[in-house]
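Input: a single structure, listed below in structure tokens.
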Amino acid sequence: MQSFLENVLFQLNKDGDRLEELTYIVPSKRAVIFLNKHLSSYLNTPVFAPKIYSIEEFIAEIAGLEYATNTELLFELYSSYSKVALEEKDDFSSFLKWGQTLLQDFNEINRYLVDHNSLFQYLTSIQKLNNWGLSAKKSELISNYLAFWNSLPAIYTEFTQHLLQNKKGYQGLVYQQASAAIESYLKLSPNKTFAFIGFNALNNAESRIIQKFLVDGSAKIYFDLDAYFLKDPIHSSSHFIRYYKNTWPYFKSNDLLGITTNYASKKSIQIIGVPKSVPQAKYAGNLISKIYSTNRNDLKNAALILADESLLEPVLNSIPNTLKKVNITMGLSLQNTALASFFEALFELHINKSKNGFFYQDFLKFLSNPYTATLFTEGVIDYSKKLQEKIHNNNWVFLSLNQILAAIPTLQKLISKIFIDRVNGQDLLKIHQYTIELLKEKISERNSFYDLEQLYHFYRITNQIEAHLDTFKFGMDLKALKNLFFELLSKEALDFRGDAMEGLQIMGMLESRVLDFETVIITSVNEGILPSGKSNNSFIPYDVKQEFGLPTYKEKDAIYTYHFYRILQRAKNVYLIYNTEPDVLEGGEKSRFINQLLTDENINKFITHSIASSKVKSNIPREVVINKSPMLLEELQVLAAKGFSPTSLTNYIRNPIEFYRNNILKIDTLNEVEESIALNTFGTIIHDALEDLYSNFVTQRLTQDMLLDAKQKVPSVVQRHFNKSHSEADLTKGKNLIIYNVIIKYVADFIAYEIEQLKKHQIRLLGVELNLRLELNIPELAFPVVLKGKIDRIDEIDGQLRILDYKTGTVNPSEVELMEWDSIVTDKKFSKAFQLLCYSLMYRRKEKKASFEAGIISIKKISAGVFRFATKSSTRGPKEHTIDSDVLSVFESRLKQLILEIFNPEVPFTEKEY
């Protein structure tokens with residue numbers, strides 16, 4: 001296969017041009033590398049290399065201007081906007097939301113040599129008609145809005161003049177100035193010959209410049225197009241070149257150069273549908289591996305082209321390790337890296353800081369970043385983890401600088417530099433620079449060049465912003481600074497190094513210009529991606545663009561069409577991969593380009609179309625089963641000696657695996673920071689408050705005066721226990737204030753209920769929060785088994801002994817009323833009844849009482865009274881509330897049965913659904 005560049009050099013050489021004396025202009029810097037390579041094969045004797053420019057470099061030379069960075073342009077544009085006479089002006093943060101769009105519009109206006117005054121006047125008139133009508137009366141909002149549109153010519157003039165004074169410009173301005181300076185440039189280059197190679201969609205400035213060269217007789221232009229498309233009067237791939245052929249005066253007496261006839265030659269085109277985006281990357285990786293294992297030479301002249309460049313990372317992870325030579329011509333976006341998330345967390349930490357300190361969620365996000373761990377590690381100790389533990393253990397909702405210093409005094413200097421109490425934009429940039437320097441030192445020790453390269457980009461962005469803040473002197477809050485930082489970061493990419501001449505080439509669509517490959521794999525060949533569709537990030541409406549000759553989505557589609565078919569022209573093996581799952585965000589159905597290929601009679605004979613899908617395995621959930629090994633049984637014996645609580649045994653009834661995780665493995669719920677009181681803490685405060693209030697009444701008969709006195713103490717007692725359980729809580733506002741008052745109400749309502757009970761009954765308090773232990777007699781086991789628990793309250797009402805348990809959750813009478821005794825150790829519904837019987841068994845053994853009752857008091861439903869344990873023979877049968885030796889004997893036999901099951905090595909712990 002003779003590539004396009006080789007064909008151009010062949011024709012130039014054939015026509016007698018001295019290749020080393022020509023000046024070459026190509027669409028991209030990448031094309032410069034390939035043209036240099038091909039030139040070396042034509043030049044047989046040592047010569048000075050000819051000048052080869054990318055089009056942007058060549059235009060800048062003609063204009064005598066330097067391209068300004070995006071950072072410079074944003075600051076310059078805002079400075080120009082600030083100088084224009086407007087009553088209402090956006091701050092820099094608001095400006096960033098529309099400034100980049102305005103820059104793009106200025107760029108298009110200049111590149112297409114449009115009279116900006118006429119266009120802006122046209123836009124202002126449209127805004128008056130479309131949005132506000134012809135009414136003579138206008139509100140302040142309308143007046144300010146129209147004033148902005150009227151100010152655009154002034155903003156443009158101020159902006160462009162200031163840039164030109166500094167010999168700088170954005171792309172469009174450089175192109176406009178080059179167009180104006182072309183006559184002077186030609187006079188200064190009388191003996192030079194230029195070759196323009198591989199251009200397609202030219203803006204008006206480029207078109208004017210190239211035509212000047214052609215008419216002057218000092219240049220040739222070679223188009224990379226197949227005659228197959230040129231002959232087709234409606235095919236979009238030849239849209240621009242047909243237009244040049246028909247409208248440029250030069251082509252009235254000259255032929256188009258570079259036109260070839262390769263497209264319809266024999267080739268293999270495989271169209272493969274793959275569900276979703278990442279699987280496309282995986283499929284491409286497997287395809288490359290297959291090609292490499294079949295014939296390695298097929299990848300020496302091969303390209304993997306990503307229509308959706310966000311697939312680069314999954315593609316890199318899918319490339320086989322056996323492939324030694326890969327050249328990646330596209331950059332890896334820095335905005336999705338862990339380092340970007342580190343700086344985002346650092347921004348959020350300071351932006352969201354209040355007078356109370358740093359918010360714990362922002363702080364934990366910052367501490368969990370791997371780069372924070374790098375900063376906070378001294379020797380083998382990671383202090384970021386220690387600080388996370390401190391936050392959880394102390395329930396710090398907000399953190400002050402002093403708290404952080406006290407928590408990890410070893411890193412005093414680092415902490416004092418990063419967690420400044422009050423920061424402005426300049427301070428935060430200094431923090432960035434400090435952290436980057438520290439990270440550089442630590443990363444250099446482990447020779448991570450990838451991380452160092454990332455750091456360099458972040459360092460450069462930070463310094464650029466700082467320099468421009470010093471120059472322009474306008475205030476910027478932290479949110480604006482963050483928006484600017486990440487706006488600039490979105491334009492940055494991490495470049496890869498590789499051999500541009502050998503091995504698999506991974507690139508985007510635009511990077512493939514003028515390059516040819518025998519084997520081509522293109523991913524994401526879907527509508528909305530290839531072509532990109534009707535996106536229009538511009539203030540200029542579609543009809544206005546048409547009126548002034550600016551490009552619309554139609555021209556953009558024609559550009560994509562050209563690139564797609566140009567890649568296929570000389571390729572021998574083509575693989576087109578598309579997403580079979582229509583997705584609004586990731587692209588729609590397969591691209592129209594695929595449908596065009598399938599309906600082209602001259603091409604479809606070379607096509608095979610298939611759908612790829614992964615092997616689907618039936619994933620039946622496996623039942624979790626833990627066999628009881630000798631070691632596990634030993635752990636159970638240790639647990640039995642310490643004591644089973646009623647709660648741990650009901651956990652076993654509910655789900656043996658939960659019992660295993662909580663009691664054997666000691667895996668508890670995550671220790672989370674409580675911004676507001678959690679349910680378990682809520683219950684703890686109520687229990688502790690009731691114990692505190694009633695502990696002085698033990699052994700006494702309750703009186704109304706006692707309880708009224710206790711009721712007066714409720715707020716102070718609740719506050720004391722609230723602070724003990726949640727020391728950092730702010731009780732003056734928010735959810736905590738609501739919860740604090742709810743707990744006071746619940747406790748006060750409980751005492752009020754007791755006062756009402758005293759009007760009908762005599763109550764004597766026998767004990768509160770009584771700890772009990774009982775060693776069970778189980779002859780089948782050769783080791784002690786202890787039952788332990790804490791009874792919330794024991795009292796006598798009218799002489800009837802009661803064991804009472806407080807619950808802050810919902811309680812139903814059916815949960816403590818038993819019909820079948822086997823249910824007590826098999827059905828989780830009766831867990832509350834099980835607990836009451838455990839307390840009853842322990843209390844009877846201790847106090848030798850003949851009979852008594854037991855019940856649940858629902859703090860939430862105190863008006864419902866006590867839900868008493870009962871046995872009954874049928875759903876509507878009579879209830880027996882007395883707990884005596886017979887009842888406890890039956891329960892004890894079921895309890896022993898349960899414990900024997902726990903210790904039975906033949907019965908594994910098995911997952912239960914609940």
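The numbers here are math on the coordinates, done by the rules we state, and not lab data. Because the structure is a prediction, the values reported are computed rather than measured. Cβ: placed from backbone, ideal geometry, glycine included. Neighbour counts: every protein chain shown.
General remarks:
- Global form of the stretch 338-494, assessed from the alpha-carbon gyration tensor, a/c cut-off 1.5: oblate
- Per-residue ³J(HN,Hα) for the stretch 10-21, Karplus 6.51 cos²θ - 1.76 cosθ + 1.60, θ = phi - 60°, Hz, x for Gly and Pro: 4, 5, 4, 5, 5, 7, x, 6, 7, 4, 6, 9
- Anchor Lys590: aspartates and glutamates whose Cα lies under 18 Å away (excluding residues fewer than 8 positions away in-chain): Asp308, Glu309, Glu527, Asp557, Glu581, Asp600
- Exposure proxy ranking for Tyr53, Tyr746, based on other Cβ atoms within 10 angstrom of each Cβ and starting from the fewest, stands as Tyr53, Tyr746.
- Residue-span extension gain [Gln433 to Trp821] - 0.36 nm each, minus C-alpha spacing: 132.5 nm
- Interchain or long-range residues, amide H under 5 Å from His609's placed H: Ile271
- Alpha-carbon centroids, the stretch 20-98 and the stretch 498-540: separation in whole Å: 21 Å
- Residue pairs, from the table Lys168/Lys325; Lys97/Lys534; Lys828/Lys872; Lys745/Lys872; Lys353/Lys430, whose Cα atoms sit over 28 Å apart: Lys168/Lys325; Lys745/Lys872
- Gain in span if fully extended, Thr101 to Lys572, counting 0.36 nm per residue against the direct Cα distance: 165.4 nm
- Tail fraction, Cα-Cα pairs, the stretch 530-592, threshold 20 Å, whole percent: 45 percent
- Pairs spanning more than 24 Å between alpha-carbon atoms, out of Lys355/Lys473; Lys128/Lys491; Lys735/Lys861: Lys355/Lys473; Lys128/Lys491.
- Among 359-369, 696-706, the peptide with the highest mean count of other Cβ atoms within 10 Å heads the list, and the full ranking is 359-369, 696-706.
- Close amide H contacts of Gly258 (hydrogens built in the peptide plane, cut-off under 5 Å, sequence separation of 5 or more or a different chain): Phe223.
- Judged by the ratio a/c of the largest to the smallest principal axis of the C-alpha gyration tensor, the stretch 455-547 counts as oblate, that ratio being 1.5 or greater while a/b is no larger than b/c.
- Derived scalar couplings ³J(HN,Hα) [the stretch 28-34; Karplus, 6.51 cos²θ - 1.76 cosθ + 1.60; whole Hz; x for Gly, Pro]: 9, 5, 5, 5, 4, 4, 5
- With Cα atoms, 0 to 90° folded angle of helix 171-188 axis to the chain main axis: 20 degrees
- Dipole orientation for the chain: of the candidates Gln704, Val423, Pro908, Pro908 has the Cα lying most toward the positive pole (charges on Cβ; Lys, Arg +1; Asp, Glu -1).
- For the chain, size of Cβ-based charge dipole, Lys and Arg +1, Asp and Glu -1, in debye: 700 debye
- Using distinct alpha-carbon pairs, which all enter the 1/r mean, Kirkwood radius of the chain in Å: 35.4 Å
- Treating r as the C-beta distance of Glu20 and Ser189 and R0 as 25 Å, the FRET efficiency rounds to 0.90.
- Label zone at Phe48 (point 7 Å along Cα-to-Cβ), backbone N below 20 Å, the stretch 189-206: 189-195
- Short-range pairs are left out: with C-alpha atoms under 8 Å and at least six residues apart, the relative contact order of the stretch 679-760 is 42 percent.
- Here the contact order of the chain, divided by its residue count and restricted to Cα pairs under 8 Å and six or more residues apart, works out to 12 percent.
- Euclidean distance between Cα centres, the stretch 814-858 to the stretch 861-914, Å: 6 Å
- Rounded to the nearest 10 degrees, the inclination of helix 478-489 to the longest alpha-carbon principal axis of the chain is 50 degrees.
- Whole-Å distance, taken between Cα centres, linking the stretch 363-382 and the stretch 178-204: 56 Å
- Peptide packing for 2-13, 870-881 was compared via the average number of neighbouring C-beta atoms within 10 Å per residue; ordered from the highest value, the list is 2-13, 870-881.
- For the residue pairs Lys386/Lys642; Lys713/Lys860; Lys790/Lys829, the C-alpha atoms sit more than 26 angstrom apart in Lys386/Lys642.
- Projecting the Cα positions of Leu35, Leu481, Ile521 onto the charge dipole of the chain (unit charges on Cβ atoms of Lys, Arg, Asp and Glu, taken about the Cα centre) puts Ile521 furthest along the positive direction.
- Charge dipole of the chain about the Cα centre (unit charges at C-beta), most positive-ward option of Leu693, Phe10, Pro190: Leu693
- Placed amide H near Glu775: partners under 5 Å, 5+ positions off or other chain: Leu787
- Listed peptides 150-163, 759-772 by packing density, highest first (mean Cβ within 10 Å): 150-163, 759-772
- Mean Cα-pair separation over length for the stretch 338-494, i.e. relative contact order, pairs under 8 Å, 6 or more apart, %: 21 percent
- Cα convex hull, the stretch 45-93: 113 Å³ per residue, rounded to a whole number.
- For the stretch 777-792, 3J(HN,Hα) per residue [Karplus equation, 6.51 cos²θ - 1.76 cosθ + 1.60, θ = phi - 60°, Hz, x = Gly/Pro]: 9, 10, x, 5, 10, 8, 8, x, 10, 10, 10, 9, x, 10, 8, 5
- Theoretical gain in end-to-end length, Ser889 to Asn602 [0.36 nm per residue, Cα-Cα removed]: 94.1 nm
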